[in-house]
Amino acid sequence: MTRYSDLVQEHFERPRNVGEIPNPDAEAVVSNPACGDTMHLYLRIEGDRIVEAKFKTMGCPAAIAASSVTTEMLIGRRIEEALAITRAEVSAALGGLSPQKVHCSVLSEDAIKAALRRYRPRQTEG
Amino acid sequence: MRQVYLDHNATTPVLPEVLEVMLRYCRDDFGNPSSVHRYGRRARVAVDEARDAVAALLGAPAASIVFCSGGTEANNTILQGVAAALKDKGRHLVTSQIEHPAVLDTCAYLETQGYRVTYVPVNADGIVEPEAVAEALTEETILVSIMHANNEVGTIQPLAEIARLVRERGILLHTDAVQTFGKIPTRVDELGVDFLTFSGHKLYAPKGVGGWYARPGTPLRPLIYGGHQERGRRSGTENVAAIAALGKACELAARDMAREAARQLQLRQALEHGLRERIPAVRIQGEAAPRLPNTTNVAFAGVEGETLLMSLDLQGVAVSTGSACSSGSLEPSHVLKAMGVPAEFLHGALRFSLGRSTTREEIEYVLAILPGIVERARALSPAATP
Ligand SMILES: Cc1ncc(COP(=O)(O)O)c(C=O)c1O
Ligand code: FES
């Protein structure tokens, strides 16, 4: 089996922000056709800031850990800052992923971009 | 923490009696079997006795057994060696889609060298149908290679029937018996094969030793040239300690085979039954087919096998998602794909392979922790995509 860093193992054992957000401001479901892994990302946004992020992922331990660390990275960020997150940063936040496992962090980057590109602020009553 | 090893198809521990033999030929009787003095003669006797023990398990003459570095080298030697020896007779080989990479990758290499290879499919139970092999044979076919039992799902192939169809055409038949040797009977005349591959580390001998059987008179060009050991069929100073250990392991396997097979089968059935009872959406691969008594491949819908493997590992249980060599690869197992396992199960398979050390308590431990592990993984999974 591929070696995992302590951080991957830690996030895998205790993933943060697992779950769904009812009526999310933004969300996306992305999957990797090669391995079949799927991530569903939910975001709550206030103004231009992400205030809540949750996920559900079917995937390998690296994909679960990447989803978990991604939600931590997202919370508190402004939308442009979130859009700038790369797979390399996700991987670095996990202490690095082996070459075979790099694609598992791609899922996170794709989910962020897919969710936020589709995001349109709600009309506030006025 | 409790340690439970359920990955005996990947490798087995060296048994204490086997290790003793090994140490003796490392430390005391360390001679080179080619030497004429007493050190050499003692080593020669050890190699000869080991050959007899292997031959007994195969029901074959001792002179038909050649030792080498293991199953991979034996498969390479037979496929490449027959191909080279018979290249003027024909350049077509037939194998199956569920072979070990040591066969499949050698075939892929032969394809780059001007040979043609047909990869016969399997049915949904993971069995190579003899008629499908017969249909693949041509005037050009020189060798058929069909494994005895599959390492990932444990299905036992109908070799005797395949042999009848292949040999009536005058074509040679090889079987990779790495997963059956020492577990169930492997008498070459009952299987009807011309070549057979075996490996030490699946039957409680060390890694890095194994060999092949070649029916007397069959053509085979060596892969390795040198000092004429193994009567020129495989050069290189014999790995005496490992070969002697393998001989001892064969004796123990022959002594305990029937009892261990029955005992492990019972435990495996308890495991399968318990998983079915406690976990919804479970699929046992090749369930209807004859299978190795120690092996079961169980898939859990909607989860990823590696996630289950890692959760089990964190609780002391060692299993595999397929073959040890393919783990870490993205693609689902080529064996499960060939069997047409439905998509929702394809990524969520675990292989449990029991062994001599496996106890009922260990099976019960797995049955106690695995339902929670699957449940957690399923709770993490997104609901079916809208
Ligand atoms: C069916 C099969 N063939 C060949 C091999 C390779 O044998 P070895 O590890 O001795 O090279 C294995 C196991 O690793 C196997 O399961
Ligand atoms: S193996 Fe595909 S996401 Fe990890």
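The values are calculated or read from the model by the stated rules, or taken from the named source; none is laboratory data. Just so you know, these numbers come straight off a predicted model, no measurement behind them. Heads up, the Cβs are rebuilt from the backbone with ideal geometry, glycines too, and the neighbour counts pull from every protein chain shown. Side chains included, ligands, DNA and RNA excluded: accessible areas come from the protein's heavy atoms. Shrake-Rupley method; radii C 1.70, N 1.55, O 1.52, S 1.80 Å.
Measuring max minus min along each principal axis, the C-alpha atoms of the range B:149-281 give extents of 58, 41, 28 Å (largest first).
Counting other Cβ atoms within 10 Å, keep those with at most 16, restrict to DSSP loop, and tell me which trypsin sites (Lys or Arg not before Pro) in the range B:124-227 are left. Can you show the working numbers first?
Values: sites: B:Arg164, B:Arg167, B:Arg169, B:Lys183, B:Arg187, B:Lys202, B:Lys207; in loops: B:Arg169, B:Lys183, B:Arg187, B:Lys207.
In loop regions of the range B:124-227 (DSSP not H, G, I, E or B), the sparsely surrounded trypsin sites (Lys or Arg not before Pro) are B:Arg169, B:Arg187, B:Lys207.
Could you pull out which residues in the range B:1-34 have an amide N less than 19 Å from a spot 7 Å beyond the Cα of B:Ala368, following the Cα-Cβ vector? The answer is B:1-6, whose backbone nitrogens lie closer than 19 Å to the label point.
Averaging the sequence gap over all C-alpha pairs within less than 8 Å and six or more residues apart, then dividing by the number of residues, gives the range B:16-252 a relative contact order of 29 percent. When peptides A:98-111, B:51-64 are sorted by average Cβ neighbour count within 10 Å, with the highest value leading, the order is A:98-111, B:51-64. For the range B:16-252, pairs of C-alpha atoms spaced more than 31 angstrom apart make up 21 percent of the total. For the pair B and A, the buried accessible area comes to roughly 2100 Å² in total, with a 1.4 Å probe and the value rounded to the nearest 100. Per-residue 3J(HN,Hα) values for the range B:239-248, derived from phi via the Karplus relation 6.51 cos²θ - 1.76 cosθ + 1.60 with θ = phi - 60°, read 7, 4, 4, 6, 5, 4, 4, 4, x, 5 Hz in sequence order (x marks Gly and Pro). Peptide B:309-320 is shielded by partner chain Cβ atoms: per residue, an average of 2 of them sit within 10 Å of its Cβ. With a 10 Å cut-off around each Cβ of B:367-380, the average count of Cβ atoms from other chains is 2.
For each pair in A:Lys56/A:Lys101; B:Lys183/B:Lys337; B:Lys89/B:Lys183, compute the distance between the two Cα atoms and list the pairs where it is over 29 Å. Before the final figure, lay out the partial values.
Numbers: A:Lys56/A:Lys101 19 Å; B:Lys183/B:Lys337 26 Å; B:Lys89/B:Lys183 36 Å.
Table pairs above 29 Å Cα-Cα are B:Lys89/B:Lys183.
Output ³J(HN,Hα) for the range B:59-71: one whole-Hz value per residue in order, computed from phi by the Karplus curve 6.51 cos²θ - 1.76 cosθ + 1.60 with θ = phi - 60°, and x for Gly and Pro. Karplus values, whole Hz, x for Gly and Pro: x, 10, x, 4, 5, 8, 9, 10, 8, 8, 8, x, x.
Between the alpha-carbon centres of the range A:32-72 and the range B:261-308 there is a gap of 32 Å.
3J(HN,Hα) along the range B:356-363, derived from phi through the Karplus expression 6.51 cos²θ - 1.76 cosθ + 1.60 where θ = phi - 60°, amounts to 4, 7, 5, 10, 4, 4, 5, 5 Hz, with x in place of Gly and Pro. A dipole drawn for the range B:130-185 from +1 and -1 charges on Cβ atoms has a positive end, and of B:Val144, B:Gly154, B:Ile184 the residue lying farthest that way is B:Ile184.
The charge dipole of the range B:16-112, taken about its Cα centre with unit charges on the Cβ atoms of Lys, Arg (+1), Asp and Glu (-1) only, comes to about 400 debye.
Look at where the Cα atoms of the range A:73-109 and of the range B:1-73 average out, and the two centres are 51 Å apart.
The packing ranking of peptides B:366-379, B:8-21, B:342-355, highest mean first, is B:342-355, B:8-21, B:366-379, where packing means the average number of other beta carbon atoms within 10 angstrom of each residue. Taking every Cα-Cα distance in chain A and sorting them into 10 Å bins from zero, the calculated P(r) comes out as 14, 48, 29, 7, 2, 0 percent.
Converting the Cα gyration tensor eigenvalues of the protein assembly as shown into ellipsoid dimensions via √(5λ) gives semi-axes, longest first, of 49, 25, 22 Å.
What average count of beta carbons from other chains do you get within 10 Å of the Cβ of residues in A:36-45? Write out the running numbers ahead of the final one.
Values: counts 9, 6, 6, 2, 5, 1, 1, 0, 0, 0.
Mean partner-chain Cβ count within 10 Å for A:36-45: 3.
Using the alpha-carbon positions of the range B:183-228, Rg (one decimal) and Dmax (whole number) come out as 13.0, 35 Å.
Per residue, the solvent-accessible area of chain A (1.4 Å probe, heavy atoms of protein chains only, all protein chains present) comes to 47 Å².
Segment B:Ser357..B:Gln3, full-extension length gain: 126.3 nm, with 0.36 nm per residue of separation and the alpha-carbon distance subtracted.
Report, in debye and to the nearest 20, how large the dipole of the protein assembly as shown comes out about its Cα centre when Lys and Arg carry +1 and Asp and Glu carry -1 on their Cβ.
Details: 55 positive and 60 negative charges, 177 e Å.
The dipole of the protein assembly as shown has a size of about 840 debye.
How much area per residue is accessible in the range B:16-252 when the probe is 1.4 Å and only protein heavy atoms are counted (Å²)?
Details: 9200 Å² over 237 residues.
For the range B:16-252, the per-residue accessible area is 39 Å².
Here the accessible area of the protein assembly as shown is 52 percent carbon and sulfur, with a 1.4 angstrom probe and all protein chains present.
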